[in-house]
Amino acid sequence: MTAPRRMPKTSEPEAPALEPELLRAFVDLADTLADDYTPAGLFQRLTGYCVTLLGATAAGVLLVGSQGEPEIRYASGDTDALLGSRRTGVPGFGQTIPLGLRGEALGTLVLLSPEPLSGGRLDAARALADIASVGMLQERAIRHGATRTGQLQRALDSRIVIEQAKGVLACAGGIPVDAAFERLRAYCRRNNLRIGAVADAVARALLPPAQILRDFAR
């Protein structure tokens, strides 16, 4: 009795190792502190990774246009096919992944592929979208924080200048500091001027203290 003939093993093609590329993509999308960071660049890289790493035919970011209609703003891959799918529903399989975090919507990631992304590739697409959303919201928070810091600094600078002007007026008129402030404020109200601008003029000796004190005495 002869032993059964062994069939040669056929090896299935190995799936590409995406982990290192995905890690680099995550770092890239999250790096909102880079000098060349822009929201447009962020979305362009996001769609590019969906095409080069996940095998999507095309990818685009759908945002609300100036007329209130959704429109593709940033796209990579077969953009003609992507726009065609938006108009006619064909060709390929279209999938959408929301961009945003904790109820704050940024837009929608639109993917077009010969067959639906599933399993690890769909999870990777969602992770890329989430990382991009976090990066975008982080950049927005940094920008708003910088704006807030600038506002506080300007308020502090204005307060310092007003204190300096109060001291000048108090010294020139031989009056208490509180009385000097009342004269400064009354002068500004009577002449419809901003107190910060007038205080700055007094502190830099551009406006004689006597003019404010004399105006108050009328």
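The values are calculated or read from the model by the stated rules, or taken from the named source; none is laboratory data. Values in this document were obtained by computation on a predicted structure and should not be read as measured data. Methodologically, a virtual Cβ is constructed for each residue, glycine included, from the backbone with ideal geometry; neighbour enumeration extends over all protein chains shown. Surface areas here come from the heavy atoms of the whole protein model, side chains and all, with no ligands, DNA or RNA. Shrake-Rupley method; radii C 1.70, N 1.55, O 1.52, S 1.80 Å.
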Of (1) of a type in the set (A, V, I, L, M); (2) part of a helix (DSSP H, G or I); (3) in contact (Cβ under 8 Å) with a residue 12 or more places away in the chain; (4) within 30 Å of Leu22 (Cβ to Cβ), Ala172 fails just (4)
From the options Leu23, Leu101, residue that is open to solvent by less than 80 Å² (accessible area, probe 1.4 Å), aliphatic (A, V, I, L, M) and at pLDDT 60 or above: Leu101
Test Asp35 against the criterion of being open to solvent by 80 Å² or more (accessible area, probe 1.4 Å), closer than 17 Å to Glu139 by Cβ and modelled with pLDDT under 75, and give yes or no. yes
Can you tell me which residues in the stretch 183-211 are of a type in the set (A, V, I, L, M) and either closer than 11 Å to Ala165 by Cα or at pLDDT below 85 (or both)? Leu184, Ile195, Ala197, Val198, Ala199, Ala201, Val202, Ala203, Ala205, Leu207
Hey, among Ser158, Ser133, which residue is open to solvent by 30 Å² or more (accessible area, probe 1.4 Å) and modelled with pLDDT under 85? Ser158
Which condition number in (1) modelled with pLDDT under 85; (2) under 26 Å from the mean Cα position of the chain (by Cα); (3) open to solvent by less than 60 Å² (accessible area, probe 1.4 Å); (4) not aliphatic (A, V, I, L, M) is the one that Gly60 fails? (1)
Mind checking whether some residue in the stretch 3-18 is at pLDDT 70 or above and not aliphatic (A, V, I, L, M)? no
